[in-house]
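Have a look at the structure below before the remarks.
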Amino acid sequence: MTPRQATTDLTHARTHRLLRLESAHCCALIEWEAGRMPVWRHFGASLPETSLTDQWPAAALRRQANASMDRLDGNPVYPGFGNGLSLNPALRAHADGVAAVQEWVAISYTQSESAAAQTLVLHLQDAGGLALDLHLALWQSSDVLSLHSTLHNHSAHRLQLDWQACGCLPVAADLSELAHFSGQWGHEFQWQRMPLPSAGWQLQNRHGRSSHETPPACFALMPHSSEHQGEVIAAQLAWSGNHQFALDRCDDGSALLQAGVWLAPGELRLAPGESHSTPVLHASWSDQGLNGVSQNFHRFARQQVLQWTGGSMRARPVHLNTWEAVYFDHDDATLRALAERAAAIGVERFVLDDGWFPGRPDDHSGLGDWWPDPQKYPQGLGPLIAHVQGLGMEFGLWVEPEMVNPDSALFRAHPDWALQVAGQALQLGRQQLVLDIARPEVSAYLFEKLDRLLRENAISYLKWDMNRDLAQAADAQGQMAYARQVDALYALLQGLRAQHPALEIESCASGGGRMDLGILRHTQRFWTSDNNDAVSRIAIQSGAARLFPLEVLGAHVGPAPAHTTGRSQSLELRCAVALFGHMGVEADVRKLNTSEAEVLTGWIALYKAWRGVLHGGTFSQGRTANGVWWLAQRGAQAILGVFTQSAPASMHHAPLRLPGLEGEGQWQLRLLGMAGQERARGDAPSPWLDALRGAGVACAATELRHIGLPLPHMNPESALVFSLDLASN
Ligand code: GLA
């Protein structure tokens, strides 16, 4: 060691300190030294002892590499730009082409602690007059780390912001795989897993809503990490607009994950003295595989995100949604008959979908005119609502407030209220335009119309739709307004809920095009997909449940054949899949024959009996050779669904191991429901299935976890639903 290196090391040893955030199973460690960029030392397992990290600063553990810049750094908490590090900068900003370089250095930090979370704010500064507060909160019982940043422009320039990361997270080099979701309309949350390319990876969304294609989430995993074991870091952005995620390779082979709002050119400018805060990135680490991070996110959504009316969730009512039953054909007698049949089979909330307002015989006109169609509803919605309530159900209504059809009274009166670009032909999507809801007069109009509907009618639920992407999202001044649109939406939702505290809202965007933790703060249910085909739904709901708890995932028993795929499945399979969500029915129930009505009534009753477990418990999922299983457990009760999707290659089903089952003792297993046929000779006896169907069988928890539950071998497109009750400890 040369004398110069020894001096450097001693200096570091005297001045650096470790800032620590800890939760039940997780720990974040940041190395801090005044005047230098703080660096990440750890985000992952709990670390009671950190002798090496305490004593040795990151830079002292390295030597200057060949052909490198003359500086030694660790992995920065917020990479600068133009400062000799080639990492993805966490901020990209300039002042009309100058002042683009940032070298962030630590000024001070503040730490605080509550029963719910430990928080740390790092105060950084750049010589160019910028200051940045990086906020980190580690939530005690969910092990979720929430990050966001606030930029202050103390310079004399007006700053043009091209990118401001919420924060950055370290991903250890051996978490060398990544996963995210792809999708399209009717085909949301398709799981994609791959090695992290040596050049890193990026995901960008410019749809103006969270999108079917690239929902705001990503995962970093070890190659051997599975549903049940191995380290996983997952991150999701609480934001319902454009976004960007990146996994950038650091100079030691590890990666930095950063995420934030994707900003359109010119979208965000900061005048001297102004500040800007990002939305929040929520990240979770677990060594219990993908189920571990999902369970963390579920706990977090339940504890920190969801805002239930009255302060806590009440049993999620069974829906009847009129869309696939009648579409736009709203006829009083039909709707009353539909409501009567719905109530008879156990439905608890009747949701009147699209078609109730004037000029809406189809989807070409009417959006914007939010009052009842005097032709279809000559006395308003009141009589139908009274009928629905008289049958013991709540009433919900579909709206799509952010949109306007050119063929509407609203657009004729205010053509300038739609987002548009002067001189360019209007870009329509489903024959509609997007209103500039950040304009106070536009949101005031929407608030007034919706508030009036809610005041004049006993409507306790809104299905809030958003059926097109944003394009030409420029305001009246020609400035891009994607992000302001999202802020204005949140404000509108918040205002309505403040005025109508008992109101629940469903977030729909042609199905699951707007599902994220940002909108979930203002809503209580997602319409997970327009696709009610039960086979498609297995993949969609498996994906969505990685991020969100089952109680917010709308799942409907649709007609057969399914309207979105033309494929038919048995009523039992459609019911079994919808059971594992917030269950509803979206079909013309007047047409059910007696035995179908009996089957549907039975599954609805099953949902009611088990929703306390499905919606309050721990959810895990796994794969079988030919399908998937879903397990929801709450203490001494659990419900298991085993879905066979394709034809099996083996003669018998392998015993199903349930590594996610918590607790010990003897569990009583019973078959609650079955969809489809067993693959067995018809004349062969089936004592095992008979026992499961009858009084049930006792299995030790250890057997279920390590040997597995023997299963009947099922045909494709089938399901088995079991109850598991703890019989003795
Ligand atoms: C979207 C929704 C559907 C339905 C229709 C009505 O497609 O996802 O559930 O509400 O709009 O137009």
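Per-residue accessible area (protein heavy atoms, 1.4 Å probe) orders Y327, Y78 as Y327, Y78, starting from the largest.
Computed packing ranks the peptides 211-219, 247-255, 643-651, 534-542 as 211-219, 534-542, 247-255, 643-651, most packed first, by mean other Cβ atoms within 10 Å.
Each residue of segment 493-505 is assigned a 3J(HN,Hα), and the resulting list reads 4, 5, x, 5, 6, 5, 6, 10, x, 8, 6, 10, 10 Hz, derived from the Karplus form 6.51 cos²θ - 1.76 cosθ + 1.60 (θ = phi - 60°), x at Gly and Pro.
Given +1 at the Cβ of Lys and Arg, -1 at the Cβ of Asp and Glu and no other charges, the dipole of the chain around its Cα centre is 740 debye to the nearest 20. Computed with a 1.4 Å probe over protein heavy atoms only, the accessible surface of segment 365-444 comes to 40 Å² per residue.
Take 577-588, 123-134 and order them by the average number of nearby Cβ atoms within 10 Å per residue, most first; the result is 577-588, 123-134. For the chain, the mean residue ellipticity at 222 nm estimated from helices alone is -6500 deg cm²/dmol, where every DSSP H run of n ≥ 4 contributes -39500 (n - 2.57) and the total is divided by all residues, rounded to the nearest 500. Centre-to-centre, using Cα atoms only, segment 189-247 and segment 81-128 are separated by 24 Å. For the listed peptides 164-173, 260-269, 374-383, a ranking on the average number of other beta carbons within 10 Å per residue, highest first, reads 164-173, 260-269, 374-383. Each Lys and Arg Cβ is given +1 and each Asp and Glu Cβ -1; about its Cα centre, segment 245-305 then shows a dipole of about 320 debye. Principal axis extents of the Cα atoms in segment 4-305, from largest to smallest and rounded to whole angstrom, are 59, 47, 43. Rg and Dmax over the alpha-carbon atoms of the chain stand at 27.4, 92 Å. Which percent of the Cα-Cα distances in segment 48-200 go past 27 Å? The calculated P(r) of segment 48-200 puts 40 percent of pairs beyond 27 Å.
Pick out, in residue order, every one of the trypsin sites (Lys or Arg not before Pro) in segment 541-580 that is DSSP loop and has at most 16 other C-beta atoms within 10 Å; say none if there are none. Here the trypsin sites (Lys or Arg not before Pro) that fit, given the DSSP loop and packing criteria, are R567. Under 5 Å between amide hydrogens, built in the peptide plane, is the criterion, and for G511 it picks out D530 among residues at least 5 positions away or on other chains. Dipole of the chain computed with +1 at Lys/Arg Cβ and -1 at Asp/Glu Cβ about the Cα centre; of A534, L85, H16, farthest Cα towards the positive end is H16.
Per residue, the accessible area of segment 620-726 comes to 45 Å² when a 1.4 Å probe rolls over the protein heavy atoms. The residues of segment 4-305 present an accessible area of 39 Å² per residue when probed at 1.4 Å with all protein chains retained. Computed about the Cα centre, the dipole magnitude for segment 620-726 is approximately 140 debye when only Lys and Arg (+1) and Asp and Glu (-1) carry charge, each at its Cβ.
Share of Cα-Cα pairs in segment 457-590 beyond 23 Å, in percent? That fraction is 42 percent.
Just the protein heavy atoms count here, and of the accessible area of the chain at 1.4 Å, carbon and sulfur take up 52 percent. Taking amide H as placed 1.01 Å from N in the peptide plane, the amide H of G260 sits under 5 Å from that of C166, Q244, each at least 5 places away or on another chain.
For segment 15-101, which trypsin sites (Lys or Arg not before Pro) are in a loop by DSSP, counting at most 12 other Cβ atoms within 10 Å? Passing sites in segment 15-101 are R63, R71. Listed values for segment 649-656 are Karplus-derived 3J(HN,Hα) couplings in whole Hz (6.51 cos²θ - 1.76 cosθ + 1.60, θ = phi - 60°), namely 8, 9, 6, 10, 7, 5, x, 8, and x replaces Gly and Pro. Placing unit charges on the Cβ atoms of the charged side chains and taking the dipole of the chain about its Cα centre, the candidate lying farthest along the positive direction among Q569, F643, P372 is F643. Partner lysines whose Cα lies under 28 Å from the Cα of K608, excluding those fewer than 8 positions away in the same chain, are identified as K463, K591. For the chain, the residue among H653, H180, A701 whose Cα projects farthest onto the positive side of the dipole built from Cβ charges is A701.
Backbone phi angles across segment 18-23, fed through the Karplus curve with coefficients 6.51, -1.76 and 1.60 (θ = phi - 60°), yield HN-Hα couplings of 9, 9, 10, 10, 9, 10 Hz in residue order; Gly and Pro are listed as x.
Running Debye on segment 364-433 with equal point scatterers at the Cα sites and no solvent, what base-10 log of I(q)/I(0) appears at q = 0.22 Å⁻¹? For the requested q values the scattering log ratios are -0.96.
In the chain, the longest principal axis of the Cα atoms and the axis of helix 440-456 are about 30 degrees apart. Across q = 0.10, 0.23 Å⁻¹, segment 620-726 modelled as identical point scatterers on its alpha-carbon atoms has Debye log10 I(q)/I(0) values of -0.25, -1.40, in the order of the q list.
The values are calculated or read from the model by the stated rules, or taken from the named source; none is laboratory data. The structure displayed is predicted, hence computed values, not measured ones. Please note: Cβ atoms are built from the backbone with ideal geometry, for glycine as well, and neighbour counts cover all protein chains shown. Remember, those area values only see protein heavy atoms, side chains included, never the ligands or the DNA or RNA. Shrake-Rupley method; radii C 1.70, N 1.55, O 1.52, S 1.80 Å.
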